[in-house]
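Okay, structure first, notes after.
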Amino acid sequence: MSETGAGSATGAGTGPARALRVLVLNGPNLDLLGTREPTIYGRETLDEINAGIAARAVELGVAVAFFQSNHEGALIDRLHRRDFDAAIVNAAGLTHTSVSLRDALLAVERPFVEVHLSDPATREPFRRINFLEDVAVARFVGLHARGYTLALEELARRWAAGLILARAGDVEAPHG
Ligand code: DQA
């Protein structure tokens, strides 16, 4: 798993006084982007995608934190920290299997945008099962890295319109 942060500490004017805090959560095998099935997922690495998100975040005045893990429980534990106002989630294969990740996203009560590099609905039938789509506030699929920046722009728009609650700071999960 990996965790990094980037972005701005200043607000953009019309929204709340402080910057929107967005968690970008990426699930299993997305650490292999760049070499993983490039005809489906493209040739950009996750670091390159995150650098693009971070650059757009600075322009938008949004604070972003990045987290990727190949482990369902680690992703859930990261959500439980609740140190963000909204999230961008590419749950990868867990999209199609994980009731627990869905439950965690609902439990922490933060709006999230679902992103996929490919469009799972046009691929194998098992990818049409999706445990997240009906609880996401928006979705960007099949747009490769552009989906993440569109998701960030959507959250910034919602924040400026007062549609996202400014949440209190870190809430520690009981299990550290
Ligand atoms: C994915 C699509 C999923 O079906 C797949 O399991 C992934 C990546 C995407 O970004 O296109 O790992 O989430």
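Looking at the chain, the DSSP beta bridges with both ends there are about 25 percent antiparallel.
Maximal additional length on extending the ARG146-VAL99 stretch stands at 14.2 nm, based on 0.36 nm per residue less the C-alpha distance. Entry note, the chain: relative contact order of 27 percent, from Cα contacts under 8 Å with a spacing of 6+ residues. Do any trypsin sites (Lys or Arg not before Pro) in the range 82-162 lie in a loop, going by DSSP, with at most 15 other beta-carbon atoms within 10 Å of their beta carbon, and if so which? Sparse-neighbourhood loop trypsin sites (Lys or Arg not before Pro): ARG123. Computed from backbone phi, the HN-Hα couplings of the range 47-61 come to 4, 5, 4, 5, 5, x, 5, 4, 5, 5, 4, 4, 4, 8, x Hz, rounded to whole numbers (Karplus: 6.51 cos²θ - 1.76 cosθ + 1.60, θ = phi - 60°; Gly and Pro given as x).
Taking other Cβ atoms within 10 Å as a rough exposure proxy, ARG110, ARG167, ARG78 sort from fewest to most as ARG167, ARG110, ARG78. Under a 5 Å amide H cut-off, with hydrogens placed 1.01 Å from N, PHE112 pairs with ALA87, VAL137 among residues at least 5 apart or on other chains.
Note that the range 128-133 has calculated 3J(HN,Hα) couplings of 7, 6, 9, 8, 10, 4 Hz, one per residue in order, obtained from phi through the Karplus relation 6.51 cos²θ - 1.76 cosθ + 1.60 (θ = phi - 60°); glycine and proline are x.
Per-residue ellipticity at 222 nm from helix content only, as computed over the chain with -39500 (n - 2.57) for each DSSP H run of at least four residues, stands at -9000 deg cm²/dmol.
3J(HN,Hα) along the range 110-121: 10, x, 9, 9, 8, 10, 9, 5, 8, 10, x, 5 Hz, from the Karplus curve 6.51 cos²θ - 1.76 cosθ + 1.60 with θ = phi - 60°, whole Hz, x for Gly and Pro. One decimal place: the segment ALA17-ARG81 gains 20.8 nm when fully extended, by the rule 0.36 nm per residue minus the C-alpha distance.
Over the C-alpha trace of the chain, radius of gyration and Dmax come out as 15.2, 45 angstrom. Compute the FRET efficiency between LEU163 and ARG123 as 1/(1 + (r/R0)^6), taking r as their Cβ-Cβ distance and R0 = 41 Å, and round to the nearest 0.05. After rounding to 0.05, the efficiency reads 0.80.
Read-outs throughout are calculated quantities, based only on the coordinates presented, and are distinct from any laboratory measurement. The model shown is predicted, which means the values in this text are computed figures rather than measured ones. All Cβ positions, glycine included, derive from the backbone under ideal geometry; neighbour counts span all protein chains shown.
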